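The values are calculated or read from the model by the stated rules, or taken from the named source; none is laboratory data. Computed from a predicted structure; not experimentally measured. For neighbour counting, all protein chains shown are included, and Cβ atoms are generated from backbone atoms with ideal geometry for every residue, glycine included. Only protein heavy atoms, including side chains, enter the accessible area calculation; ligands, DNA and RNA are left aside. Shrake-Rupley method; radii C 1.70, N 1.55, O 1.52, S 1.80 Å.
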Amino acid sequence: MKVEEYLNDIAEREGTVHLTLIDPASQPPEVAADIAKAAVDGGTDAIMIGGSTGAGGLALDQTLLKIKEQTNVPTILFPGNAGGLSIHADAVLFMSLLNSRDINYVTTNQAMGAPLVYKYGIEPISMAYIITEPGGTVGWVGDAKLIPRNKPELAVAYSLAGKYMGMHYTYLEAGSGADQPVTPATIGAVKHVLGDNKLIVGGGIRDGMTAKICADAGADMIVTGTIVEETEDVRNKIEELVSAIKK
Ligand code: 1GP
């Protein structure tokens with residue numbers, strides 16, 4: 001089964017998908033693999049791998065190989081640029097940062113990376129990537145014109161544009177480590193226009209209650225990253241998040 005079908009199937013059957021994001025720049029590959037295994041034991045559905053700075057090359061390859069030794073869920077690249085690709089991943093969120101001012105993040109990195117995705121045989125999952133306030137490092141690196149927290153209609157406009165351009169997934173991002181996630185009003189307004197297209201929400205989600213608020217507002221998939229780096233009991237924390245968002 002393709003990774004996109006696997007994720008969509010879980011979203012339909014279980015209500016919401018949980019994705020654990022691991023930044024290969026944040027820890028050695030063996031530690032990343034231990035985190036991934038604990039997350040899978042806790043019920044996460046797939047492992048996303050990527051980051052805005054220093055998340056490519058050998059660290060990325062070795063992190064993927066170690067994770068694949070320890071787990072059997074799909075590994076999905078979440079690249080900050082064309083350097084964030086690896087032959088060892090199952091799929092890539094092939095995304096355009098629609099509200100970037102920098103053409104490199106809208107189409108150039110995509111063009112530079114596409115031949116490698118083809119050559120490596122990684123499954124591309126087309127995705128509109130939209131960054132809201134506060135935006136964090138990815139907002140700065142991606143030179144995003146951040147969507148104000150109180151302007152859901154702007155997030156709706158970009159999301160519809162992505163859908164009309166044929167992107168299957170939409171990712172509303174508040175930035176890794178954000179003090180607050182994307183607002184429920186924005187999530188709800190975007191999901192309303194997306195219909196069956198899948199909505200991913202991430203940035204600043206640290207507990208089950210917050211994850212549930214995002215899921216109830218309309219998120220089909222919830223991404224958490226920072227919390228697995230901070231917690232001492234990854235399995236328990238992921239169990240808390242997963243049990244809060246599944247049917
Ligand atoms: C970042 O949305 C993800 O791209 C995850 O954010 O690190 O805040 O969980 P956190």
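Examine segment 179-192 for a residue that is modelled with pLDDT of 95 or more, surrounded by 18 or more Cβ atoms within 10 Å (Cβ to Cβ) and among the polar types (S, T, N, Q), and state whether such a residue exists.
Yes - at least one qualifying residue is present in segment 179-192.
From the list Gly162, Gly175, Gly225, which residue is near the ligand (Cβ under 10 Å from one of its atoms), among the small types (Gly, Ala, Ser) and closer than 21 Å to Arg101 by Cα? Working first, answer last.
Numbers: Gly162 fails: near the ligand (Cβ under 10 Å from one of its atoms); Gly225 fails: closer than 21 Å to Arg101 by Cα.
The match here is Gly175.
Enumerate the pairs (first residue in segment 127-149 and closer than 13 Å to Tyr171 by Cβ; second residue anywhere and open to solvent by 40 Å² or more (accessible area, probe 1.4 Å) and among the aromatic types (Phe, Trp, Tyr)) with beta-carbon separation below 9 Å, excluding pairs fewer than 6 apart on the same chain, so at least 6 apart or on different chains.
These pairs meet every condition: Met127/Phe94; Ala128/Tyr158; Tyr129/Tyr105; Ile130/Tyr158; Gly142/Tyr105; Ala144/Tyr105; Ile147/Tyr158.
Which residue, of Ile205, Ile213, Ile238, is among the aliphatic types (A, V, I, L, M), over 20 Å from Ala55 (Cα atoms) and part of a loop (DSSP other than H, G, I, E, B)? I'd like the intermediate steps shown before the answer.
On the way: Ile213 fails: part of a loop (DSSP other than H, G, I, E, B); Ile238 fails: part of a loop (DSSP other than H, G, I, E, B).
Selected residue: Ile205, the only one of Ile205, Ile213, Ile238 that is among the aliphatic types (A, V, I, L, M), over 20 Å from Ala55 (Cα atoms) and part of a loop (DSSP other than H, G, I, E, B).
If a residue must be open to solvent by 40 Å² or more (accessible area, probe 1.4 Å) and at pLDDT below 95, how many such residues does segment 205-229 contain?
Here is the first cut: in segment 205-229, the residues open to solvent by 40 Å² or more (accessible area, probe 1.4 Å) are 206-207, 209, 212-213, 216, 229.
After this cut, where a residue has to be at pLDDT below 95 as well, the list is 229.
Residues in segment 205-229 being open to solvent by 40 Å² or more (accessible area, probe 1.4 Å) and at pLDDT below 95: 1 in total.
Taking Leu7 and the conditions (1) touching a helix residue (DSSP H, G or I) at 6+ places or on another chain (Cβ under 6 Å); (2) open to solvent by less than 10 Å² (accessible area, probe 1.4 Å), which numbered condition does it fall short on, given that it satisfies the others?
The single condition Leu7 does not satisfy is (1).
The rows are residues; the columns are (1) modelled with pLDDT of 95 or more; (2) closer than 11 Å to Ile47 by Cβ; (3) of a type outside the set (Phe, Trp, Tyr).
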| site | (1), (2), (3) |
| --- | --- |
| Leu58 | no, no, yes |
| Thr63 | yes, yes, yes |
| His88 | yes, no, yes |
| Asp102 | yes, no, yes |
| Thr108 | yes, no, yes |
